[in-house]
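Report on one structure; see the data block that follows.
The values are calculated or read from the model by the stated rules, or taken from the named source; none is laboratory data. A quick note: this is a predicted structure, and the numbers were derived from the prediction, not measured. We place every Cβ from the backbone using ideal geometry, glycine too, and count neighbours over all the protein chains shown. For the accessible areas, the whole protein counts, side chains as well, though only heavy atoms, and no ligand, DNA or RNA atoms are used. Shrake-Rupley method; radii C 1.70, N 1.55, O 1.52, S 1.80 Å.
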Amino acid sequence: MFDAAHLALAYLLLEWAIRVAMIVVIPLRRPPEAARSWLLLVLFLPVPALLLFRMIGTARFPMWRRERFDEVAPLRQGIAAALPGPDEQRQIARLARHIGGFPACDGNRMDLEDDYEAIVSAMIAAVDDARRSVHLQTYIFADDATGLRMADALARAVGRGVNVRVLVDALGSRPWAKRSMAILRGAGVDAHLTLPIRFASLRRARGDLRNHRKLCIVDGRIAFVGSLNVVDRDFKPGIVNDELVARVEGPVVAALDAVFCTDWHLETNRIPAACSIPKRCGTFTLQAVPSGPDYGALGYERLLVEMVHDARERVEIVTPYLIPDEALLVAMKNAVARGVRVTLILSKVIDQKLVRLAQRSFYDELLRSGIVILRYRDRLLHTKSVAVDGRTGIVGSSNADIRSFMLNAEISLLIPDPAATAILERVHKRYIRESDPLTLDEWRTRPRAMALLENFARLMTPLL
């Protein structure tokens, strides 16, 4: 018969068994900076740490999903082999192909749009011109004015006999999902939630692996890729979003469509008809770079770090959420030491409190290193973009944070083309004009209590 003393001893032995086991397991499953936080939690709270690690400790999908991903590999490989590439692939493009599977291809046209309502109107106009197919993928699809406008356009396309397929992230759209999906399905749209959260099911490894991609592909010839969700600009009270979306035509659209078709098969177990390669219609070299747990961890992070290492004159990173890992921090510091001007264009308005605190915890270190921090005024700058030396750029859905690096399915449009990058840099110049520089002296005047909260939040972020 166990008494209280025996139970206490058993619990103590259990705690030490967990500590010893996790010392072996955690470093094999997480990057060093994340492992440190996990091990600290295990040291003080071994049993809760074990339960939490079981829930969110491994950024990996179950075997059935990996098998479905492999089933679509012939489609992706066929598209990749058929894309018309430039005579010489730059080193960054070769890395991007290793990450996402698609090469850089030439013969594309690209326009960048940073006016919110103009982006929505352009997407709806393209849907209204659709004759064969519309593939729409988004993190948020609301049933507000913007969502209803898009739903009406999709319904009109269905009425014309167009195949309309829609993927909406289950967690990102949770406040609106039930109503939005009812509206879409009621209109005949083939709509599905990606990564639905089923707590009773053990088929998925963890519930916070999300599909964060934003894609709209019309007739396999026009694509929109960037940061815009299908939701009103001011859907969060007191916050107005600014976005950036690339409208592209040409062969690169086939690679973007193949990414959508892969996600469609993962959620529906159905592979749409093979994507065709659009004809050359422009002069830009562009490259589709999907990333996320399906494609291998840290894909976007590797690309971003390599671009910073490759910089010779200037780096501009625009992101609403900045939680860099050690590799990105070192890359930016080394770039400054080489004489490169590293500019972070961040949003002064932030909509997530924990992220805001964690992000601010890096400012002192970044400013001391000589990195320039500009804070965009008045609105939430939700754009995710990078420009390096006027030669290479990125527009897409990936933030410069741990979540986009490890947990989210993301899509990036790599721009290994000086002429196209020049268009992106013009957008960045507007962001810079509408931002205020943050100095180290100014930053250090904040209250000490705020600094303590920021440091505590920084300890928490690697646990994601």
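Residue-by-condition table, conditions (1) free of Cβ contacts under 8 Å to residues at least 40 places away in the same chain; (2) touching an Asp or Glu at 6+ places or on another chain (Cβ under 6 Å):
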site: Asp234; (1), (2): yes, no
site: Asn241; (1), (2): no, no
site: Val245; (1), (2): no, yes
site: Cys261; (1), (2): no, no
site: Lys279; (1), (2): no, no
site: Ala288; (1), (2): no, no
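What single numbered condition from (1) in contact (Cβ under 8 Å) with a residue 60 or more places away in the chain; (2) surrounded by 19 or more Cβ atoms within 10 Å (Cβ to Cβ); (3) assigned to a strand (DSSP E or B) fails to hold for Ala358?
The one condition Ala358 does not meet is (3).
Within 21 Å of Arg302 (Cβ to Cβ), open to solvent by 40 Å² or more (accessible area, probe 1.4 Å) and out of contact with any Gly (no Cβ under 7 Å at 6 or more places or on another chain): which single residue out of Lys353, Lys333, Lys348 fits that description?
Every option except Lys333 fails the conditions.
Out of curiosity, is Thr439 open to solvent by 10 Å² or more (accessible area, probe 1.4 Å), hydroxyl-bearing (Ser, Thr, Tyr) and touching a residue at least 40 places away in the same chain (Cβ under 8 Å)?
Considered against the rule, which asks whether it is open to solvent by 10 Å² or more (accessible area, probe 1.4 Å), hydroxyl-bearing (Ser, Thr, Tyr) and touching a residue at least 40 places away in the same chain (Cβ under 8 Å), Thr439 comes out as yes.
Only one residue in Tyr295, Tyr300 is of a type in the set (Phe, Trp, Tyr) and modelled with pLDDT under 95, so which one is that?
Exactly one residue qualifies, and that residue is Tyr295.
The conditions are (1) free of Cβ contacts under 8 Å to residues at least 60 places away in the same chain; (2) within 20 Å of the chain's Cα centre (by Cα); (3) under 21 Å from Asp242 (Cα atoms), and Asp143 fails exactly one of them. Which is it?
Single failed check for Asp143: (2).
Scan the range 112-125 for residues that are surrounded by 16 or more Cβ atoms within 10 Å (Cβ to Cβ) and either farther than 20 Å from Val253 by Cα or in contact with a helix residue (DSSP H, G or I) (Cβ under 9 Å, 6 or more places away or on another chain) (or both) and report the count.
Result for the range 112-125: 7.
Taking the options Ser398, Ser412, Ser404, name whichever one is part of a helix (DSSP H, G or I), in contact with a Ser or Thr (Cβ under 8 Å, 6 or more places away or on another chain) and closer than 22 Å to Glu326 by Cα.
Of the residues listed, the single one that is part of a helix (DSSP H, G or I), in contact with a Ser or Thr (Cβ under 8 Å, 6 or more places away or on another chain) and closer than 22 Å to Glu326 by Cα is Ser404.
Go through Glu267, Glu316, Glu306, Glu301 for me and flag whichever is part of a helix (DSSP H, G or I), within 22 Å of the chain's Cα centre (by Cα), surrounded by 21 or more Cβ atoms within 10 Å (Cβ to Cβ) and of a type outside the set (A, V, I, L, M).
Only one candidate qualifies: Glu301.
What pairs come up if the first residue lies in the range 296-307 and is farther than 13 Å from Gly100 by Cβ and of a type in the set (Lys, Arg), the second is in a helix (DSSP H, G or I) and open to solvent by 20 Å² or more (accessible area, probe 1.4 Å), and their beta carbons are under 8 Å apart, counting only those six or more places apart or on different chains?
Correct list of pairs: empty, since none qualify.
Please specify each residue of the range 102-114 satisfying the condition of being outside any strand (DSSP E or B) and among the acidic types (Asp, Glu).
Hit for the range 102-114 is Asp114, nothing else.
Report the residue count in the range 400-436 for those that are free of Cβ contacts under 8 Å to residues at least 40 places away in the same chain and either open to solvent by less than 10 Å² (accessible area, probe 1.4 Å) or under 20 Å from the mean Cα position of the chain (by Cα) (or both).
Counting residues in the range 400-436 that are free of Cβ contacts under 8 Å to residues at least 40 places away in the same chain and either open to solvent by less than 10 Å² (accessible area, probe 1.4 Å) or under 20 Å from the mean Cα position of the chain (by Cα) (or both) gives 1.
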